[in-house]
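Novice: Mind having a look at this structure? Questions to follow.
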Amino acid sequence: MDDIHPSSESIKVESKINYYSDGFDDNEDPFFLSDDDLVGGDDGAADALLEDIREDEIDLLKQKQQDCKILNTTELRQRMEHDVAQVSAVLSVPKTEASILLRNYNWSVSKVNDAWFTDESAVREKVGLFVKPVIGSDIVSNKRKIIICGICFESHTSDRIRYADCGHLYCEICWSIYISTSINNDGAGCLMLRCPEPSCHAAIGQDMIDSLSSEEDRKKYSDFLLRSYVEDNRTTKWCPGPACEYAIEFSGADGIFDVTCHCFTSFCWNCKEECHRPMDCDTVKRWILKNSSESENVNYILAYCKPCPNCKRPIEKNHGCMHMTCRVCRYEFCWLCLGPWKGHMNCNRYMERTDTDDKRKKLAKESLEKYTHYFERWDANRKSKVKALADHQRVKDEEFKKLSVSQDIPEAHFEFISKAWLQVVECRRALEWSYSYGYYLPDNEPAKKQFFEYLQGEAESTLEKLHNCVENELKEFLDVDGLSKKFSEFRTKLVGLTTVTGNYFEKLVRALENGLSDVYSPGAKGLEDEVEDCWHCDRCTYANPSSIRSCKMCVPSDIDNVSVNE
């Protein structure tokens, strides 16, 4: 039996919108804008172009709508209450017991139903629900009867005594202290609260907790319950964005785990790191660990330091002369030949070395230089992505108002600028992780490395054009009075750049995710049969089907058509 949730009118899907994509089917030809479309067009042409792109995005939104939903706390509580009510109705148990059952089965309605109808007694024993109390209710039915509390051993009238399904009797004060201590000390563990009797595992229901707790403790318990509904549920996760209270329900099975919250935080559903296409989760963890570990310090020591000949501790030279004195053992030696300084004459004569120290240092230095090359570019694009996201918010909050006044256009009509900024953010993220991809690309596959660097270079060039357009060319319209033809041309140009850039980056990401499988490697075993019906581009070495005449990957050249006549 599948889990059923009520629909929510306010659930809008921002996540899994692929800002790389142009919205076209993969089997169709790539969408490029001709000179006639992009240069000197009138308002009608620009509006039509925007409308076409908007329709494409709506179609893409509908395709992804069933895979991902963003939920606020109100919607989460409604779903949780719906699941509890559903289990209560199907199993004919109180809602308190239904809630206990769902918590023990990770909030899966189907798992609760399957287990219950397979063996109800075993389920009750597992979760601590008893059919009837061990001690009969007739003992406490007489309100004048005096009962001794099993914790404080004080005498209380039966109306001040409470018990769970097991029937162990304790006074209300002890129950209240026991519950409050668990809520404040055990955190989410209070949701699995059991009877105070050490040998008893009867579950404590929310009804008893609500009746014996303070308002503050009831709120904490309710928050723990909501957190459990999200964190224990296989299909929901909290957005990792700072101070974000949204949760995301995800059920996609297409192999793409990138989701984006309403707060514009994008992350990988699988590993909860930031979105990292085209990198897989395991390689991303390796890269992050490498950036945070001390391994590169070791490489630095090997490359730029020498061991003291006496105590063998690494020493870095920080003065001009070759006379070195170890600060640890005070041994004096020559930096060049590592011989003792006492009696040292010169060491200019070349003597061939038979050890592997030089080779080891050279390899360590090359490894460090390679890592530094890719890390600097990875970090630069990461910082540019963060700044672009901040600039996007600033443009929406400040410059849209100025632009609306200067151009006499409602702010709602500047959505194309917002989409261009989001395109920049997502492409910066893809470019960022492409450098991590390049670091782990094997050196013994030169054809793939050459093809990768070509694609990456073209992607970077294409993105810079879009970033410059939306960041710098927009500024000239902020202080201009009245709608000008130049703004209409700017709008058409920016829409075109956004589309072409998204189209190219989507192809780049897919090519890298496929391991650049279409790259021709001369002499590769068994490859001749696979590429028999292909031809290879002289410019980028991409293997194209024989049915087409122009290279499918050399698309950024079309971006040059996206220009505006002055």
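Novice: (1) free of Cβ contacts under 8 Å to residues at least 24 places away in the same chain; (2) among the charged types (D, E, K, R); (3) part of a loop (DSSP other than H, G, I, E, B): which one isn't true of E476, the others all being true?
Specialist: Every condition holds for E476 apart from (3).
Novice: Something else about it: For segment 407-423, give me each residue that is over 15 Å from R394 (Cα atoms) and in contact (Cβ under 8 Å) with a residue 40 or more places away in the chain.
Specialist: Passing the criteria: Q407, D408, I409, F416, Q423.
Novice: Still on this structure: So which residues in segment 121-147 are surrounded by 12 or more Cβ atoms within 10 Å (Cβ to Cβ), modelled with pLDDT of 80 or more and closer than 25 Å to E97 by Cβ?
Specialist: Listed by number, the residues that qualify are V123, R124, E125, K126, V127, G128, L129, F130.
Novice: With respect to D481, is the statement that it is within 30 Å of Q407 (Cα to Cα), modelled with pLDDT under 70 and among the acidic types (D, E) true?
Specialist: Yes; evaluated as a whole, the condition is true for this residue.
Results for (1) of a type outside the set (A, V, I, L, M, F, W, C); (2) in contact with a helix residue (DSSP H, G or I) (Cβ under 8 Å, 6 or more places away or on another chain); (3) modelled with pLDDT under 90; (4) surrounded by fewer than 13 Cβ atoms within 10 Å (Cβ to Cβ), shown as yes or no for each residue.
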residue	(1), (2), (3), (4)
C149	no, yes, yes, no
C166	no, no, yes, no
L169	no, yes, yes, no
S182	yes, yes, no, no
G187	yes, yes, yes, yes
L193	no, yes, no, no
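Novice: Can you name the condition, by its number, that W335 falls short on among (1) in contact with a Lys or Arg (Cβ under 8 Å, 6 or more places away or on another chain); (2) modelled with pLDDT of 85 or more?
Specialist: Looking at each condition in turn, W335 falls short on (2).
Novice: Determine if segment 111-118 includes at least one residue that is surrounded by fewer than 19 Cβ atoms within 10 Å (Cβ to Cβ) and within 21 Å of D223 (Cβ to Cβ).
Specialist: no
Novice: Find the residue count for segment 233-282, including only residues that are among the charged types (D, E, K, R) and touching a Leu at 6+ places or on another chain (Cβ under 9 Å).
Specialist: 2
Novice: Answer yes if at least one residue in segment 177-187 is free of Cβ contacts under 8 Å to residues at least 60 places away in the same chain and closer than 30 Å to K69 by Cα, and no otherwise.
Specialist: Checked against the condition, which is being free of Cβ contacts under 8 Å to residues at least 60 places away in the same chain and closer than 30 Å to K69 by Cα, segment 177-187 yields at least one hit.
Novice: Could you please give the count of residues in segment 270-285 that are part of a loop (DSSP other than H, G, I, E, B) and in contact with a Ser or Thr (Cβ under 9 Å, 6 or more places away or on another chain)?
Specialist: Residues flagged as part of a loop (DSSP other than H, G, I, E, B) and in contact with a Ser or Thr (Cβ under 9 Å, 6 or more places away or on another chain) within segment 270-285 amount to 4.
Novice: Here is a further query. Does V500 satisfy being among the hydrophobic types (A, V, I, L, M, F, W, C), at pLDDT 85 or above and surrounded by 17 or more Cβ atoms within 10 Å (Cβ to Cβ)?
Specialist: Criteria met by V500.
Novice: If you scan segment 163-176, which residues turn out to be among the aliphatic types (A, V, I, L, M), without any contact (Cβ under 8 Å) to a residue 40 or more places away in the chain and assigned to a loop (DSSP other than H, G, I, E, B)?
Specialist: If the condition is that a residue be among the aliphatic types (A, V, I, L, M), without any contact (Cβ under 8 Å) to a residue 40 or more places away in the chain and assigned to a loop (DSSP other than H, G, I, E, B), then L169 is the only one that fits.
Novice: Now for a different question. All but one of (1) in contact (Cβ under 8 Å) with a residue 60 or more places away in the chain; (2) assigned to a loop (DSSP other than H, G, I, E, B) hold for N444; state the number of the condition that does not hold.
Specialist: Every listed condition holds for N444 apart from (1).
Novice: With the structure loaded, tell me whether S517 is open to solvent by less than 70 Å² (accessible area, probe 1.4 Å) and out of contact with any Lys or Arg (no Cβ under 7 Å at 6 or more places or on another chain) or whether it fails that test.
Specialist: No.
Novice: Taking I409, is it in a loop (DSSP other than H, G, I, E, B) and open to solvent by less than 40 Å² (accessible area, probe 1.4 Å)?
Specialist: yes
Novice: Continuing with this model, one more query. Listed residues S418, S434; which is of a type outside the set (A, V, I, L, M) and open to solvent by 10 Å² or more (accessible area, probe 1.4 Å)? Give the derivation first.
Specialist: Numbers: S434 fails: open to solvent by 10 Å² or more (accessible area, probe 1.4 Å).
Exactly one residue qualifies, and that residue is S418.
Novice: Search segment 195-217 for residues being farther than 23 Å from R124 by Cβ and crowded, with 17+ Cβ neighbours inside 10 Å, and hand back the single one that is farthest from the chain's Cα centre (by Cα).
Specialist: So the residue we want is L212.
The values are calculated or read from the model by the stated rules, or taken from the named source; none is laboratory data. Because the structure is predicted, anything quoted here is derived from the model rather than measured. In this analysis, Cβ positions are derived from the backbone assuming ideal geometry, glycine residues included, and neighbour counts consider all displayed protein chains. The accessibility values were calculated without ligands, DNA or RNA, using every heavy atom of the protein model including side chains. Shrake-Rupley method; radii C 1.70, N 1.55, O 1.52, S 1.80 Å.
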